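K.L.:
There's a structure below that I have some questions on.
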Amino acid sequence: MDATLREPDTHRDADLRALISEMREEILQLRREVLELRCEAGYWKSRHVDAVQRNKELQAGLDQAHAEIHKLKADLFGRKSEKQSSADRSNDLDDPQDQNSANPKKRGQQADRPGPARRDYSHLPVREKFVEVPPDECVCGRCGKPLADLGDTEDSEQVEVEFTVYRRRIRRRRYRQTCNCPGQQTRTAPKPPKLIPKGRYGISVWVHLLLDKFHTGRPIQRTIEQLCLYGLRLAPGTITDGLKRVESLLEPIYAALRERNVQSAFHHADETRWLVFVEKQGKNGYRWWLWVFAGEDSVVYVLDPTRSHDVPEGHFPADARGVLIVDRYSAYKAMKQVQAGKLILVFCWAHVRRDFVRVGKGYPELKQWALTWLRQIRELYRLHRERRQHQSASREYAQVDATLRQHVAAMCQQRDAELADPKLREPCRKALTSLLEHWSGLTVFLDDPRIPLDNNFAERLMRNPALGRKNYYGSGAEWAGRLATIMFSILATLNLWKINPRLWLSWYLESCAAAGGKAPSDIQPFLPWNLSDERRATLSGPTQPPELADSS
């Protein structure tokens, strides 16, 4: 009985043990699967985090690309000039706080302003032309009796232009002796001076060619084609050889300009590319660099194959002192005179302003942030202009000066507060970081109101060379590059002194011709700062027509 009852329990225990063993295997298998699934879940979570980060980076890159597209469109199709106007003070950003942007004025003459006065042409010579009434109309229409001349006229004027190409035939009189003295039997009047010995072209031709190329930016070939319309056919080879000789005549003037230029206390400097189509050892390509150094009374251009700090460093003497107004190009910061503290760098607020304009144009969502800073810079310019209108010892000057310094301090605090914000966007941070790095050079003007806020003067001096670079692509030889720098320097300096370049060039080249086709031994009388008031007044007037110049 007991054996019969225990047998089913033995089978039941075996089944239970088998079931437990099977369940344990299944649990172990499930645990392994759970562990694998957890690992996979962790892997895919990490991949998700990587994908989210990658999407953020791609979105940032896309935003940057959109910003670059907006910027390039603005550079290509937008306004090129930064001149402040009443209709646009934020470079097409449409500041809602600017009343002039909200209600732009129409182009042309405004109804509430008087029209411009007519120009005065009284200095031009007059050629009179009398107009008579036809004989068949100089009678009464009813009775046929003739009309009597009143003895006066009804006058009107028109301005005309006449370009004349002519040959100046020089007839030297000859004389014979009437005595029996030994020696030469005949005597001939001396030869007139020539700029180029045995040359057929007079000084007026060379002055015209020089001004047409370097003052108006027209290629020599176009000038030759224009003169062909007046019957004068010039040989390009002869013109090239003549300009090469003229270059050597102008070199002493250029050397005097460089010597004078470094003596100024204030300088503007800038550089731009210039092509010189010559093979030079150690240099790849034809890109050279044209530098400009504008002093208080002289302007000098320097052409060099490189854009290194050696160029401005070599232009100024080692002991040069003063203020150098530049952009943020690193070459100026590397100058020995700057690192020694002799030349003080003043940076350009116009370049700072462009940083905020680019942010506003490139990132529409940051437009209001950019406009806030543009308003601050606009107020900075206004206060600086107002301060310069008062005497330094006056009460008005002290009030405006205090307001200006408070405004600069507020800009400094706003800059630091925004840079301390970790959520500041990268374009904004980049603009403000540059502002922080150049702050000392941007605020030099606080202690000297004579210092301008920007380097626009130097950039304007680059307009004429930039026009020439576009029209005739640069220089085809090193001597041609030297001639370009000499002419640009002379023309810009004469413009500072309000001197007519045609009159000055004619005077100087005539003196070179009188010296036998060489530069005068003493060039000091020709320098603008050495001219007498009478001579300067003569050279500042309009060019005399040929018939008046000959008679004088």
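The values are calculated or read from the model by the stated rules, or taken from the named source; none is laboratory data. Given the structure is predicted, the values throughout are model-derived calculations rather than measurements. In this analysis, Cβ positions are derived from the backbone assuming ideal geometry, glycine residues included, and neighbour counts consider all displayed protein chains. Side chains included, ligands, DNA and RNA excluded: accessible areas come from the protein's heavy atoms. Shrake-Rupley method; radii C 1.70, N 1.55, O 1.52, S 1.80 Å.
K.L.:
Compute the helix-to-body angle for 426-437: its Cα long axis versus the longest principal axis of the chain, expressed 0 to 90° and rounded to tens.
P.N.:
It is inclined by approximately 60 degrees.
K.L.:
Okay, next question. Take residue 390 and residue 423, extend 7 Å from each Cα along the Cα→Cβ direction, and tell me the distance between the two endpoints in nm.
P.N.:
Spacing of the two 7 Å Cα→Cβ label points: 4.1 nm.
K.L.:
In the stretch 338-471, what percent of the accessible surface is made up of carbon and sulfur (1.4 Å probe, ligands and nucleic acids excluded)?
P.N.:
Result for the stretch 338-471: 51 percent of the exposed heavy-atom area is carbon or sulfur.
K.L.:
Answer rounded, prolate or oblate for the stretch 183-325, using the Cα gyration tensor with square roots of eigenvalues a ≥ b ≥ c: rounded when a/c is under 1.5, else prolate when a/b is larger than b/c, else oblate. Don't jump to the answer; show the numbers that get you there.
P.N.:
Working: a/c = 2.44, a/b = 1.66, b/c = 1.47.
Taking the square roots of the gyration eigenvalues as a ≥ b ≥ c, the stretch 183-325 is prolate.
K.L.:
Something else: How do 48, 315, 70 rank by accessible surface area computed with a 1.4 Å probe, from largest to smallest?
P.N.:
48, 70, 315
K.L.:
Which value in Å is the Kirkwood Rh of the chain over different Cα pairs?
P.N.:
It is 31.4 Å.
K.L.:
Starting from the Cα of residue 38, step 7 Å along the direction of its Cβ; do the same at residue 244; then give the gap between the two resulting points in nm.
P.N.:
8.9
K.L.:
I would also like to ask the following. List the aspartates and glutamates whose Cα sits under 20 Å from the Cα of residue 336, skipping any in the same chain fewer than 8 residues away.
P.N.:
259, 270, 271, 304, 310, 313, 319, 327, 437
K.L.:
Check cross-link reach from residue 73 to the lysines: straight Cα distance under 17 Å, and skip same-chain residues fewer than eight apart.
P.N.:
Counting by Cα, and skipping residues close in sequence, residue 73 has these lysines nearby: 361, 367.
K.L.:
Share of antiparallel DSSP beta bridges in the chain, in percent to the nearest 5?
P.N.:
Restricted to the chain, the bridges split so that about 65 percent are antiparallel.
K.L.:
Dividing the Cα convex hull volume of the stretch 444-502 by residue count, how many Å³ per residue is that?
P.N.:
112
K.L.:
Ok, one more. Given the whole protein assembly as supplied and a 1.4 Å probe, what does the accessible area of residue 451 come to in Å², nearest 10?
P.N.:
0
K.L.:
Here's something else I'd like to know. Rg to Rh ratio, the stretch 145-215, alpha-carbon atoms and Kirkwood radius?
P.N.:
1.33
K.L.:
Which lysines have a Cα less than 22 Å from the Cα of residue 342, not counting those fewer than 8 places away in the same chain?
P.N.:
333
K.L.:
Okay, moving on. I'd like the FRET efficiency for residue 262 and residue 460, computed as 1/(1 + (r/R0)^6) with the beta carbon distance as r and R0 of 30 Å, rounded to 0.05.
P.N.:
Working from the Cβ atoms, E equals 0.90.
K.L.:
Something else: Distance cut-off 19 Å, Cα to Cα: go down the list 213/244; 71/430; 191/213 and report the pairs above it.
P.N.:
Table pairs above 19 Å Cα-Cα are 191/213.
K.L.:
With a 1.4 Å probe and every protein chain kept in, tell me what percent of the accessible surface of the stretch 138-275 is carbon plus sulfur.
P.N.:
The C+S portion of the solvent-accessible surface of the stretch 138-275 is 49 percent.
K.L.:
Among 518-524, 497-503, how do they line up from the highest to the lowest mean number of other beta-carbon atoms within 10 Å?
P.N.:
In decreasing order of mean packing, 518-524, 497-503 become 497-503, 518-524.
K.L.:
Taking only C-alpha pairs under 8 Å that are 6+ residues apart, what is the relative contact order of the chain in percent?
P.N.:
17
K.L.:
Something else about it: Inverting the mean 1/r over all pairs of different Cα atoms, compute the Kirkwood radius of the stretch 361-442 and quote it in Å.
P.N.:
In the stretch 361-442 this quantity evaluates to 14.2 Å.
K.L.:
Taking the Cα atoms of the stretch 424-538, report the difference between the largest and smallest coordinate on each principal axis, in whole Å and largest first.
P.N.:
70, 39, 21
K.L.:
Separate question: Can you tell me the order of 268-281, 409-422 when each peptide is scored by its average per-residue count of other Cβ atoms within 10 angstrom, highest first?
P.N.:
Descending mean neighbour count gives 268-281, 409-422.
K.L.:
Given the rule -39500 (n - 2.57) for each run of at least 4 DSSP H residues, summed and divided by the residues of the chain, what is its mean residue ellipticity at 222 nm, to the nearest 500 deg cm²/dmol? Write out the running numbers ahead of the final one.
P.N.:
Values: 19 runs with 281 residues, N = 552.
Calculated at 222 nm, the ellipticity per residue is -16500 deg cm²/dmol.
K.L.:
So what's the angle, to the nearest 10 degrees on a 0 to 90 scale, between helix 478-496 and the longest Cα principal axis of the chain?
P.N.:
80
K.L.:
Moving to a separate point now. Give me log10 I(q)/I(0) at q = 0.11, 0.23 Å⁻¹ for the stretch 265-352, Debye formula, one equal scatterer per alpha-carbon, no solvent.
P.N.:
For the requested q values the scattering log ratios are -0.32, -1.16.
K.L.:
On to the next question. Taking just the C-alpha trace of the stretch 294-449, give me its Rg and Dmax in Å.
P.N.:
Looking at the stretch 294-449, its Cα Rg and Dmax stand at 17.9, 52 Å.
K.L.:
Here's a follow-up. Could you order peptides 428-434, 205-211 by the average number of other Cβ atoms within 10 Å of their residues, highest first?
P.N.:
205-211, 428-434
K.L.:
In debye, nearest 20: dipole of the chain around its Cα centre with unit charges on the Cβ of K, R (+) and D, E (-)?
P.N.:
On the way: 87 positive and 73 negative charges, 608 e Å.
Charge dipole of the chain: 2920 debye, to the nearest 20.
K.L.:
Could you give the length gained by full extension between residue 28 and residue 52, i.e. 0.36 nm per residue of separation minus their alpha carbon distance, to one decimal place?
P.N.:
That works out to 5.1 nm of additional length.
K.L.:
Which value, in Å², gives the accessible area per residue of the stretch 322-390 when a 1.4 Å probe is used on the protein heavy atoms?
P.N.:
For the stretch 322-390, the per-residue accessible area is 39 Å².
K.L.:
For the stretch 149-220 and the stretch 399-422, write down the distance between their C-alpha centroids in whole Å.
P.N.:
66
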